[in-house]
Amino acid sequence: MNTMSASRAEATQHTHRRILVWDLPVRIFHWLLVLGFAGAFLTAESERWRLVHVTLGYTVAGLVAFRVLWGLVGTRHARFASFVRSPKAVLRYLASLLGGRPEPYVGHNPAGALAIVALLALALAVTSSGWATYSDMGGEWLEELHEGGANAMLALVGVHIAAVVLSSLLHCENLVRAMVDGRKRGTPDDAIRSPRILLGVLLLAAVLGFWGLQWREAPVADATVPAEAVKHDDRHSDDD
């Protein structure tokens, strides 16, 4: 029996190696969303950084739109059909997690998939309410909805980070590193064929280009001189 166990362990070690699971667009999306949400949250209360806040909000909205599309037509483990599971599967995974023997998944586990869907939904609600508030399309209730959604998203991000740390410890695998190099343990049959480097580069270039366009079109004004005073001086000079 010991010999059979040793043989199975050896076979598992040989068949389960680090394989490519996350394509480059998924990884670029993940880290840009982290930066975008963090930056938007930190600049939310500052009028001085309002342009940065709005730009990052538009960025998050664009990233969510891309991720929804990529969840339909993307690579194997990026598609929603491959990782969104039933509530029963989520509860079963959480039970295995609490029991110290979590069920192995090459892609997103059921609990992680639930968090991803919730984050995308919250990000959509926050950015749409933020756009409406910025466009003066709603009252104070809309601004409160925007702020409440952002706080809920922050709380969910905290839960997600804690779950990633716990899962990394229980699975004995660095999940943060996996979202950097795209590799996790699995069989060769579980690997994706291509990292889709060109699309990842195009996604990054599109975001950086959008940021550059926003800064270029930003109004330049002397913060020490109110705009009304400048207009008044101009009218006075014309009269002279």
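Tabulated data
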quantity	calculated
Stretchable slack from residue 84 to residue 117, in nm (0.36 nm times residue separation minus alpha-carbon distance)	11.1 nm
Neighbour net charge for residue 91 - beta-carbon separation under 15 angstrom, K R +1, D E -1	+2
Cβ-based net charge around residue 107, under 10 Å, with every Lys or Arg adding one and every Asp or Glu removing one	+2
Point-charge dipole on Cβ atoms (K/R +1, D/E -1) for the range 28-155, about Cα centre, debye to 20	940
Shape category assigned to the range 13-239 from the gyration tensor of Cα positions, a/c cut at 1.5	prolate
Length added when fully stretched, residue 198-residue 17, from 0.36 nm per residue minus Cα-Cα	62.6 nm
Prolate/oblate/rounded call for the range 15-93, Cα gyration tensor, a/c under 1.5 rounded	prolate
Calculated FRET efficiency for the pair residue 72/residue 135, C-beta based, R₀ 30 Å, to 0.05	0.55
Distance (nanometres) between label positions extended 7 Å along Cα→Cβ at residue 44 and residue 206	2.6
Protection proxy ranking of 111-117, 56-62 - average other beta-carbon atoms within 10 Å, highest first	56-62, 111-117
Relative packing of 100-108, 40-48, 208-216, which averages over residues the other C-beta atoms within 10 Å, highest first	100-108, 40-48, 208-216
Two-site FRET efficiency, residue 156 against residue 176, from Cβ-Cβ distance with R₀ of 22 Å, rounded to 0.05	0.80
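Every number here is computed from the coordinates shown, using simple stated rules; none is lab data. These numbers come from a predicted model, not from an experiment. Ideal geometry is used to build each Cβ from the backbone, glycine not excepted, and the neighbour counts take in all protein chains shown.
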